[in-house]
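The values are calculated or read from the model by the stated rules, or taken from the named source; none is laboratory data. Remember, it's a predicted structure, so these values are computed and weren't measured experimentally. Positions of Cβ are generated from backbone atoms using ideal geometry, with glycine treated the same way; all protein chains shown enter the neighbour counts. Each accessible area value is taken on the protein alone, full model and side chains, heavy atoms only, with ligands, DNA and RNA left out. Shrake-Rupley method; radii C 1.70, N 1.55, O 1.52, S 1.80 Å.
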Amino acid sequence: MKRITVLLAEDHMIVREGFRKMLELDTDFEVVGEAKDGRQAVTLVKKYRPDVVLMDIAMPLLNGLEATRQILKAVPCTKILILSAHNDDAYVHNATEAGAMGFLIKQTSSHEVCRAIREIQNGKTFFSPSVSVRLNRLNPQSPDHKGRLNKKIAGLTSREMEVLQLIAEGGSNKQIASELGIGIKTVEKHRQHLMQKLDIHDTAGLTRYAIGAGIIESSVQLTIL
């Protein structure tokens, strides 16, 4: 029987190693690659075309949510299973909106992780119990704060999402330009478009927005707040 190929996307090496060893104990799985950030995950998925990506949300350079969107656009047959330390509404809603078929909190047992991978490979969804409760509560028609956040996020391009994350991580225009391989003036234009679309007019505000929307963790940029 063909094994389920899995790619691990997690910025902490010790966590990746733990998942690799766990999955290698089960003959149903084959780990075909490891990514330390979202951008590398996109590149490796295009190369290896795994059945499932076990994806962390909070990763540098490109977060797991935007990586999920880019992966599913490039390789639609790959399925995404989100693994996160956070399960608040913004994270859960944004993950499902991005196209993830499952969402597990990091306290999940190894047995449940393996079960989740099998389920989503078979075309089913799989969520941690606490996440399922939140999903049942979420009403996409509700005009609450989280709903407004998600609506604004939907209006951002993939490149704007990348720039927003790098701004929130403290990158200067020069650093962002170097990281993305674009000109400084192009970065400045993206920054202006972000401020216009989000109706936010300073870097601290963009950072708070990114944290509230689940794009980065609050621990990333405490100094600017």
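Observations on the model:
- Residues that are over 12 Å from Ile82 (Cα atoms) and hydrophobic (A, V, I, L, M, F, W, C) within segment 97-116 comprise just one, Cys114.
- Residue within segment 63-83 that is open to solvent by less than 30 Å² (accessible area, probe 1.4 Å), over 23 Å from Glu179 (Cβ atoms) and part of a helix (DSSP H, G or I) present: no
- So Arg49, is it open to solvent by 60 Å² or more (accessible area, probe 1.4 Å), basic (Lys, Arg) and modelled with pLDDT of 95 or more: yes
- Qualifying residue in segment 85-92 (condition: open to solvent by 30 Å² or more (accessible area, probe 1.4 Å), out of contact with any Asp or Glu (no Cβ under 6 Å at 6 or more places or on another chain) and either among the aromatic types (Phe, Trp, Tyr) or modelled with pLDDT of 90 or more (or both)): no
- Filter pass, Gly212 being more than 19 Å from Ala98 (Cβ to Cβ), of a type in the set (Gly, Ala, Ser) and open to solvent by less than 80 Å² (accessible area, probe 1.4 Å): no
- Residue selection: Ser130 fails the criterion of being at pLDDT 65 or above, open to solvent by 50 Å² or more (accessible area, probe 1.4 Å) and not β-branched (Val, Ile, Thr).
- Flag for Lys106 being modelled with pLDDT of 85 or more and of a type outside the set (A, V, I, L, M): no
- Qualifying residue in segment 13-32 (condition: acidic (Asp, Glu), within 17 Å of Ile82 (Cβ to Cβ) and either open to solvent by less than 60 Å² (accessible area, probe 1.4 Å) or not in a helix (DSSP H, G or I) (or both)): no
- Subset tally (residues that are part of a helix (DSSP H, G or I), surrounded by 20 or more Cβ atoms within 10 Å (Cβ to Cβ) and either among the aliphatic types (A, V, I, L, M) or more than 18 Å from the chain's Cα centre (by Cα) (or both)) for segment 93-112: 2
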